[in-house]
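Just so it is clear, none of the values below were taken in a lab; they were calculated from the coordinates. Note that the structure is predicted; figures quoted are calculated from it, not measured. Using ideal geometry, Cβ is built from the backbone for each residue, glycine included, and neighbour counts are taken over all protein chains shown.
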Amino acid sequence: MQENPFSAPSSLPYAFPPFDAIGHEHYRPAFDAGVDEQRAEVEAIATDPAAPTFENTIEALERSGGILRRFHRVFGNLAASMSTPEMQALETELAPLIAKHHDEILLDGRLFERVAAVHAGRGDGLTPEQVRVVERYHLDFVRAGAALPEGDRDTLRGLNVQITSLTTEFSNKVLAEANDLAVQVTDRAELDGLPDSVVQSAASAAEAAGKDGFLLTLSLPTIQPAMLSLRNRDLRRRLHEASTSRGTRGNDNDTRELVSRITALRAERAALLGYDDHAAYVVADQTAGSTDAVLSTLGEMAEPAMRNLDGERARIEELMRADGIDEPVQPWDWAYYAAQDKAATYDVDTDALRPYFELERVLHVGILVAASRLYGLTFQERRDLPVYAPDVRVYEVFDEDGTAIGLFVCDWFARPTKQGGAWMDEFVGQSRLLGTKPVVVVCLNVPKPPAGQPALMTIDEVRTGFHEFGHALHGLFSAVDYPRLQGTSVPRDFVEFPSQVNEMWAWHPEVLAGYALHHETGEPLAQDVVDRLIASQSHGQGFDTVAMLGAALLDQEWHRLSTHDTVDADHVESFENEALTRHGVRSALVPPRYRSGYFAHVFAGGYDAGYYSYLWSEVLDADMVGWFTENGGLVRGNGDRFRQRLLSVGGTVDPLEAFAAVRGRAPSIDPLLRRRGLRA
């Protein structure tokens, strides 16, 4: 371990990981050494003869596991963004061992006794943040099962190892399915309608895969971006069928058995912990509080969304007839004709707008400038730090007074070894106790253009960039003492809220005018186009809302299964249909945003029983956007208040109290219903 780069904190600025020194051979030894180190530290805490105090128990736990912390931050991120076969194999090998080590700490009865003792006396001489971290630790132990009899704790240990192994296997199979089912096209004419930049990216993808012609790779959601503009109806059908068949083809990568086993094991674990089902267990630690509250909020959207969907379908069938197609609309038609309808209604061709959204300008003159205007930040690229992939870039972030805040890492381009979707994570978390400043990373999957060509983004990719940077700001602005409460360590149904708020600046007139310039001519996007583009964002919300509700309700139904309810692999699809029908959102034409076979968020990504969080957080987001608008929009006063009272406090205060501290009241659902066209 003396030569292992994880053995000591990095000597690079901000403890940035020394990626140029980290090899695959370092991971397993670092994990083993990290486990041994933390076991010894935890044993010393558990056997300390001194009476339990905040310092010798809670703070000692917060300091423990340095090697393991550094290992997890790097390996966990690269297992998603550099998911080579050897990384996948190691991830599969380590997943049950990580779960086992986690349980050894949280199910240690001696340790729990000390935590409980500190918790019982937490009103004596502790700061509010210290009280909060004590309460959080106590709840973590209780929810992990530390208060159960030893026999039940042994059962829990076994369940956790199994679940972790299966979710890792699910993730790897979904990635393999996406690569296997990428749609190959040999005739350029079939790609009619796709922008040249997308065609070039498809050619590059085919070349990288060693195939002829063009390769349309699959993004994680059901609706593939190319389906919005492909004129070839049969190719749209092929894309749709490839997308929706992931994990259900009866091959080695079929995930239905995993879905069945994961949900059954989660139900068994929830019952052992005293809950009716896994959804009840999850939501008990969220701002929603109960599954009834979740289903009530989702149900309030279902009927008006389906009503809007009927109106949208009539318009799409009109457009199909005008196109000479006198037959029923199919699922692969909807996105294409909805895009045509939006273009006709608002006279905006979203594909024609790609040349105005060049990635470099979107980042530097859009995302970063909005943050500068709102929060007084400046950004300086650091080319002296080693990165893990050639296209990864690093920026140092400074406050208005020149104080260094942390580092922002950009990983924007798709590659075969990167998991689908977009996300934010951290290589180093902020903590005054540990003396660390944040190093946050944002990963997108923008198709990489051929050498020498600019990367042109879709409107959705632009919005996603602003969204993920909202998560990054949540991590960068963290100003807490204890790692357990830093940055995005907030309930899952709150964590999406700040990032969704940040999306509003993508369409702010002053921001958009800065970055929406034609990459060849420098011509700005005309103001009337901007106005129509902004107005078009609420178009077709019946489709989008039904698709989102479908996914959120599927997730809830899978995790509301009790130990008496089992769904075997052969009945996964019928369970889906019955669940969607029961909630009134089943549509043969609008599949859920994710089907069970590739629903990585909930069967691999930590959003189990929590996918509702996106819509739940959007309630908060829509209301907070109203507050920004009412108070002058993109001005420093608003940014300072939002930063100081909400973004910087992490988990040190109740999230809804932080919301009210900015908004001045509790959140209302009305702004979201109006935004989505579900209420006049």
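Using the Karplus curve 6.51 cos²θ - 1.76 cosθ + 1.60 with θ = phi - 60°, work out ³J(HN,Hα) for each residue of segment 213-218 in order, rounded to whole Hz, and write x for Gly and Pro.
x, 9, 10, 8, 6, 9
Extension gain Ala120-Thr566, at 0.36 nm per residue separation less the Cα-Cα distance, in nm?
156.5 nm
Once you place label points 7 Å from the Cα toward the Cβ at Glu381 and Ala451, how far apart are they in nm?
Placing both labels 7 Å beyond Cα along the Cβ direction yields 1.9 nm.
Taking amide H atoms as placed 1.01 Å from N in the peptide plane, list the residues 5 or more away in sequence, or in a different chain, whose amide H sits under 5 Å from that of Trp412.
HN-HN under 5 Å from Trp412: Leu444.
Once label points are set 7 Å from the Cα along Cα→Cβ at both Ala293 and Gln330, what is their separation, rounded to one decimal in nm?
4.5 nm
Expressed as a whole number of Å, what is the distance separating the alpha-carbon centroids of segment 452-471 and segment 599-656?
Result: 20 Å between the Cα centres.
What list of ³J(HN,Hα) values in whole Hz, one per residue of segment 614-621 in order, does the Karplus curve 6.51 cos²θ - 1.76 cosθ + 1.60 (θ = phi - 60°) give from phi, with Gly and Pro shown as x?
For segment 614-621, the Karplus curve yields 5, 6, 4, 5, 5, 4, 5, 4 Hz.
For Ala189 and Glu150, compute 0.36 nm times the residue count separating them, minus their Cα-Cα distance, and round to one decimal in nm.
7.4 nm
How high is the FRET efficiency between Ala40 and Arg679 when r is their beta carbon distance and R₀ equals 60 Å, given to the nearest 0.05?
0.55
How long is the gain from Ala50 to Arg415 if the chain were fully straight, where each residue apart is worth 0.36 nm and the alpha carbon distance is subtracted?
Difference between extended and current length: 126.1 nm.
If the chain were replaced by its equivalent ellipsoid, with semi-axes equal to the square roots of 5 times the Cα gyration tensor eigenvalues, what would those be, largest first, whole Å?
Value: 39, 29, 26 Å, ordered largest first.
Could you list which residues have their amide H under 5 Å from that of Val441, counting only those 5 or more apart in sequence or on another chain, with H placed in the peptide plane?
Excluding prolines and chain starts, which carry no amide H, the hits are Val409, Asp425, Glu426, Phe427.
Quickly estimate the mean residue ellipticity at 222 nm for the chain, helices only: each DSSP H run with n ≥ 4 gives -39500 (n - 2.57), and the total goes over all residues, rounded to 500.
Counting only the DSSP helices, I get -16500 deg cm²/dmol.
In sequence order, what are the phi-derived ³J(HN,Hα) couplings for segment 54-69 according to the Karplus relation 6.51 cos²θ - 1.76 cosθ + 1.60 with θ = phi - 60°, rounded to whole Hz, with x for glycine and proline?
Karplus values, whole Hz, x for Gly and Pro: 4, 5, 8, 10, 5, 5, 5, 5, 5, 7, 6, x, x, 4, 5, 4.
Taking a point 7 angstrom from the Cα of Asp528 along the C-beta vector, which residues in segment 316-354 have backbone N less than 20 Å away?
341-354
Obtain the nm distance between the two label points defined at Thr345 and Gln644 by a simple spin-label model: each point lies 7 Å from its Cα along the Cα-to-C-beta direction.
The two pseudo-label positions are separated by 4.2 nm.
Contact order normalised by length for the chain, with contacts defined as Cα pairs under 8 Å and 6 or more residues apart; what percent is it?
That works out to 17 percent.
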